[in-house]
Every structure is written in C-alpha cells, then in structure tokens.
Amino acid sequence: MRQALSECVAQALETLRAEGVFPPEVALPFKVERPKEEGFGDFATNAAMVLSKQAGMKPRDLAQRLGAALPADGPVVRWEVAGPGFLNFFIHPDRLRNVVNEIVAAGPEYGKSRMGAGQRVQVEFVSANPTGPMHVGHGRGAVTGDVLARILAAAGYQVEREYYVNDAGVQVDVLSWSLLARYRQLFGDEIELPPDCYPGEYVIDLARVLKERHGDKWLAVARQGREGAPPAELRRFAVEEVLAWIREDLALLDIRFDHWFFEHELHDGGAIDAAIATLSGRGFIYEGVLEPPKGKKPDEDWEARPQTLFRSTAFGDEVDRPLKKSDGSYTYFAADIAYHHHKAQRGFHRLIDIWGADHGGYIKRVQAALEALTGLKEILEVRLVQMVNLTRGGVPVRMSKRAGNFVTLKEVVEEVGADAVRFWFLTRSSNASLEFDLELAKSNTHDNPVFYVQYAYARIRAIHRQMAEKGLVRGPGDFRLLVEPGEMQVIRLLERFPEVIEAAALFYEPHRLAFFLQELAAAFHTYYNGNRILLEDEGLRNARLLLAEAVQQVLSNGLTWMGVQPTERM
C-alpha cells in the first residue's frame, strides 16, 4: 500500500509540474509514512512541506493542490491537510480488506520483497573464541545474526553467513596449556593449576579425548612446563575439538554457516603484511608515541615507546591505533584489518558484523581501517548484542559446573527448547540487556511471548480441524463482509507485514519481527475471543475463515523467518 500511495503522489506531482507549478528541472523528493496517531489517516506525505519553496507556495496551499491532483482511481477514499502542510490519506476500506486475498494467494511469499535487488551481503556473527562451549550471551548473538540473515534474504539480498575463528591468539595458547595440565592429572601427576587456567570440567573432557587418541604422547611436553608456545599440533587438536562442540551447540538452534574463516590463514598467507603495506603506501602508517590512556600517568602500568601506528584519526577515530606489540608481533587489530579487507575483496556490497557489547569501542577503528583500504565509507555495519541475565523465577541462575564460570547455551536450549530460546532472544532490541527467565519461557501463559504467538497459530489450526470434523469447507470469502472494528485492526496489521520485514532489513533490527508477531497475535486473540468464526451464516463464516487463514499465513511466514516452528497444537 505504501508503494501504491508513493506512485499516486509521484503521479500527482507530475500533474502539477505539467501545470507549471514546478520547473521541468526540479527534483521532486518526498516520503510516504504512517502517522503515529490513527486520527491522522492511514498514511501521510511530507511532499508539500519539502517542495513548497520550489513551488513558491505555502506548504498548506501546495498540499491542497497536491490532494486535488491525486488520481481518481487510486486507493485514497479521502484526504486532508494537517499541521504545517502534511497531506493525510484515508485508504478505501475495501482496498485494505483485499489484503487478505493477497496474503492467501501469495502464501509463503507474502512479506518478501526485491528491496535488496540481489546485492551480496555478508553477515558475520557469533565468532566466539574456540576455547570452550558457547554461553548464553553467544547464543543471543547467534540468533540475532541468523534471523537478520533470514530477513535480509526475504528482502531480496544475497546473504552469506560467516564465522571467524580466532585460532591464532593467546586464548588458544591458554587453552592448550590448560589442556596439558589436566592431561597430566589423568596420568596421576599432582599439580597446582595455573591461575589463568580455564576452570571448566570441559577441559577435563578434552584431556580424556587427548589421552584416548594419543596415549602418553604429550606427557613429556606437559611436564616440561610452559616454555614458549604450545605445539602447533596440540593447538589444532584443541581448536578442532572445541569447534565441534560449538557446531553442535549451534545445530541445536538450527544455525549453520556458509563459511568458516580461520585467523591463522591471515598470518600464514601474508594477508596482514599486505594490508599494512597498502596502508603504509597510502601514508596512513607511521612510527610514533601515543599519549597515555585517560586516567594513567606515564609511570603507572604504561610505557611511552615508539610504535607502529595506524592514522585512524584521519577517519574520525579518537586516537591513532597501534599495529604491533612490544615483541614485534602484530596486534589483534592488525589481524582484524586484514580480515575485513579480505572480506571486502570478496565482492560483498555490505559487511555486517554482530559483536558482543564489550567490543563497542572497537567499531570506529575497524571502520576507519576499512575505509582507508577500500575508499568505501559505509561498507561495514556493526551491531552490538548486550548481555543476557539468566534467571529462574526472578532469581539469578548459578554458573555451570561444566563451563566453570558461565551457563552454557546447550543447557538452556535443552531445558526450554530451541523455539523459546530463539524467540526470547528477540523480545528486546539487541542493544538492550535482556532478562531471560527460564520458568517463564517454559510456561503456557500469555506472559510468555513465544507461547502467546504460537497459541494464535494453534488456535487457527484448531478451527481447521473443527471444520474437518463437521464436514465444512471454506468457500470463496467476501472480504467486504469484514466490517467489525476488530477485523479491521487485524487487517491493518496484516497489511503492515511487508513493511516490517523491509524495515528490519534496512535497519538491521530483527527484533522488529518479534514485536510485530506479538502485536498481531494480541489483535487476533482479542478478535477471536469476541467473535465466532464457525457461524451458521455461510457468507460471513467464509469471510472470517479467509481472515483467519491470512493471519495463519503471516504468523507462519514470520515464525519461519525467526527460525521458530509454528505449532499445530498447544
């Protein structure tokens, strides 16, 4: 409907141009949006206000001319000028009601669009360090990225999902030494675990697998102590085993990736050297001394020394950023520069990263480096995912014994189910912290959002079963019979669904879909509780069945794009 109205406004503006209101060379930009209050119509345009100067008219006078020029065969039944010059549109009820036919005819395609025009978009998400099982926070990032990818695909983008494996950093070294410590214990050695050792029982599980496969092969290495880097073969073993757990955890939520990219490939292939050389050749690398961090004096845990720096302040960052550590090795930032450059070189139109909230201060420097390398200012979009506070009946949940210092994602999925986990993670915007109550997520009450939405779908499926039992078949439904206020409220929501998908894709906010489904479910429950559907009046019955079928289809499409299974029975 928004698109149809935009075309009507554009046609009216061209009519005014032909009448001499606008010069031939003047562009005619405008927006068509939904007013915040119902009394202001179904839609409104700002065309008269943004074009009044070009027309040499007062905005309200231009709005009057524009309304009078609207095509007579359009969807507008009446219009009015409001405020400083808004033109409000009231859509003919039958044009709104016809959406139920459109939905039933489109089926699973309703809500999809060609907005993305096939542009290639990469969504990189989760990317948890391969040092242990996934925790609940990782799960929220996983669901956010996966649902965003599904929505982008529905909006016409060509989407690739990627997981970046940080397998070249210090964390993997710590995991390897933790593994060898537990490995020694399995052979009867009495040792004191290092203070930075990973504490979870999963490390013991890992040590058992190492012993089963390799016997005492690594015992001598383990007893030598932590000198230098752990053997490369042992590091690979630890990473591969942990990644297998991560894949299993993600599979519980039906999340899979098109590509797994390993950090060591950047080091082994010279990608970091190449990216830094490119920046240097463009004058963005220099040797310098940074000011001490805020709150620190030069003699407090900080040493002023010459460093290799990236001139990120040239692209809006607060300070220039170091690329090498004191031992001459590259910083994590240098590897991230090379990784994002590698992604850009693969031909994506847009890169979207889903990061944990603790990486907020990291965004600007990566965007700066990518702009310096590609010349593209807005190729990288980063969305942060805030913490999940896990509770049970309002009481914080204790840490997992297996993980050591957090609750694993697997434990939560196994307790409440994948559907509840996926839906709950989207009940708030990703940039807001989330309280996840395990008891509420399992409850069959209206306070449980996933139950509330699935119950609406199940209610409609129950109507179909009742029809089958009575030998009834829905005949052609006349949407003009849908005149009750509750019916029109549901219809207006159904008509909004494609816009919700496009907005969620445009602003990278998958929670918009969860919010919409809850609103639609609430409207349908209210309507269902106040109106019979299986009436004796065949005509009205068919019309209401048509409406219920349209609601069912939109709920099904929305839940599918959330990765949640529609429920036949509750």
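Checking L506, L494, L472, L434 one by one, the residue that is under 27 Å from the mean Cα position of the chain (by Cα), over 30 Å from V126 (Cβ atoms) and touching a residue at least 12 places away in the same chain (Cβ under 8 Å) is L494 and no other. Scanning region 101-123 for residues that are closer than 27 Å to L206 by Cβ, of a type in the set (V, I, T) and open to solvent by less than 10 Å² (accessible area, probe 1.4 Å) turns up nothing.
Determine whether region 538-555 contains at least one residue that is of a type in the set (S, T, N, Q), open to solvent by less than 40 Å² (accessible area, probe 1.4 Å) and assigned to a helix (DSSP H, G or I). Yes, that holds for at least one residue. When L493, L545, L555 are checked against the criterion of being touching a Pro at 6+ places or on another chain (Cβ under 8 Å) and either modelled with pLDDT of 95 or more or closer than 26 Å to Q3 by Cβ (or both), a single residue qualifies: L555.
Residue pairs whose Cβ atoms lie under 7 Å apart, separated by 6 or more positions or on different chains, with the first residue in region 331-359 and closer than 21 Å to L148 by Cα and the second among the aromatic types (F, W, Y) and open to solvent by 10 Å² or more (accessible area, probe 1.4 Å), are I352/Y508.
Contact map, region 121-133: residues that are small (G, A, S) paired with residues that are in a loop (DSSP other than H, G, I, E, B) and buried (at least 24 other Cβ atoms within 10 Å of the Cβ), Cβ distance under 7 Å, separation 6+ or inter-chain. Pairs shown: A128/M134. Does R311 qualify as being over 30 Å from W260 (Cα atoms) and buried (at least 17 other Cβ atoms within 10 Å of the Cβ)? Taking the combined requirement at face value, the residue satisfies it.
Listed by first and then second residue, the pairs with beta-carbon distance under 7 Å, at least 6 apart or on different chains, first residue in region 226-247 and open to solvent by 40 Å² or more (accessible area, probe 1.4 Å), second part of a loop (DSSP other than H, G, I, E, B) and modelled with pLDDT under 95, are W245/P133. Inside region 258-279, residues that are farther than 18 Å from V366 by Cβ and surrounded by fewer than 15 Cβ atoms within 10 Å (Cβ to Cβ) make up a count of 8.
Yes or no: Y508 within 30 Å of Y157 (Cβ to Cβ) and of a type in the set (F, W, Y)? Against the criterion (within 30 Å of Y157 (Cβ to Cβ) and of a type in the set (F, W, Y)), Y508 qualifies. Considering only region 155-179, how many residues are free of Cβ contacts under 8 Å to residues at least 40 places away in the same chain and open to solvent by 40 Å² or more (accessible area, probe 1.4 Å)? The total comes to 1.
Does K343 fit the bill of being open to solvent by 10 Å² or more (accessible area, probe 1.4 Å), under 22 Å from G281 (Cα atoms) and under 22 Å from the mean Cα position of the chain (by Cα)? It is false that K343 is open to solvent by 10 Å² or more (accessible area, probe 1.4 Å), under 22 Å from G281 (Cα atoms) and under 22 Å from the mean Cα position of the chain (by Cα). Summed over region 515-534, residues that are of a type outside the set (F, W, Y) and open to solvent by less than 30 Å² (accessible area, probe 1.4 Å) total 7. None of F262, F237 is within 19 Å of A338 (Cβ to Cβ) and not charged (D, E, K, R) except F262. Criterion applied to A47, A72, A55, A27 was being of a type in the set (A, V, I, L, M), at pLDDT 95 or above and either under 29 Å from S113 (Cα atoms) or buried (at least 19 other Cβ atoms within 10 Å of the Cβ) (or both), and the one residue passing it is A47.
When L440 is tested against (1) open to solvent by less than 30 Å² (accessible area, probe 1.4 Å); (2) aliphatic (A, V, I, L, M); (3) not in a loop (DSSP other than H, G, I, E, B), just one condition goes unmet, and that condition is (1). The sole residue among I491, I501 that is among the β-branched types (V, I, T), open to solvent by less than 70 Å² (accessible area, probe 1.4 Å) and more than 16 Å from V147 (Cβ to Cβ) is I491.
In this structure, V385 qualifies as within 18 Å of N129 (Cβ to Cβ) and of a type in the set (A, V, I, L, M, F, W, C). Answer yes or no as to whether L440 is at pLDDT 95 or above and closer than 30 Å to Y528 by Cβ. Spelling it out, L440 is indeed at pLDDT 95 or above and closer than 30 Å to Y528 by Cβ. Helices (runs of 4 or more DSSP H) fully within region 1-116 that include at least 3 residues being more than 30 Å from D478 (Cβ to Cβ): 2-18, 47-55, 59-68.
The helices (runs of 4 or more DSSP H) found entirely in region 157-268 that carry 2 or more residues being within 30 Å of S113 (Cα to Cα) are 232-252.
Within region 380-414, the residues that satisfy the criterion of being open to solvent by less than 70 Å² (accessible area, probe 1.4 Å), modelled with pLDDT of 90 or more and touching a Leu at 6+ places or on another chain (Cβ under 6 Å) are L380, V388, V413.
If you scan region 448-487, which residues turn out to be modelled with pLDDT under 95, hydrophobic (A, V, I, L, M, F, W, C) and under 16 Å from E102 (Cβ atoms)? Within region 448-487, just F479 meets the criteria.
The values are calculated or read from the model by the stated rules, or taken from the named source; none is laboratory data. Just so it is clear, the structure is predicted and the values come from calculations on it, not from any experiment. Positions of Cβ are backbone-derived with ideal geometry, glycine not excepted, and every protein chain shown enters the neighbour counts. Surface areas here come from the heavy atoms of the whole protein model, side chains and all, with no ligands, DNA or RNA. Shrake-Rupley method; radii C 1.70, N 1.55, O 1.52, S 1.80 Å.
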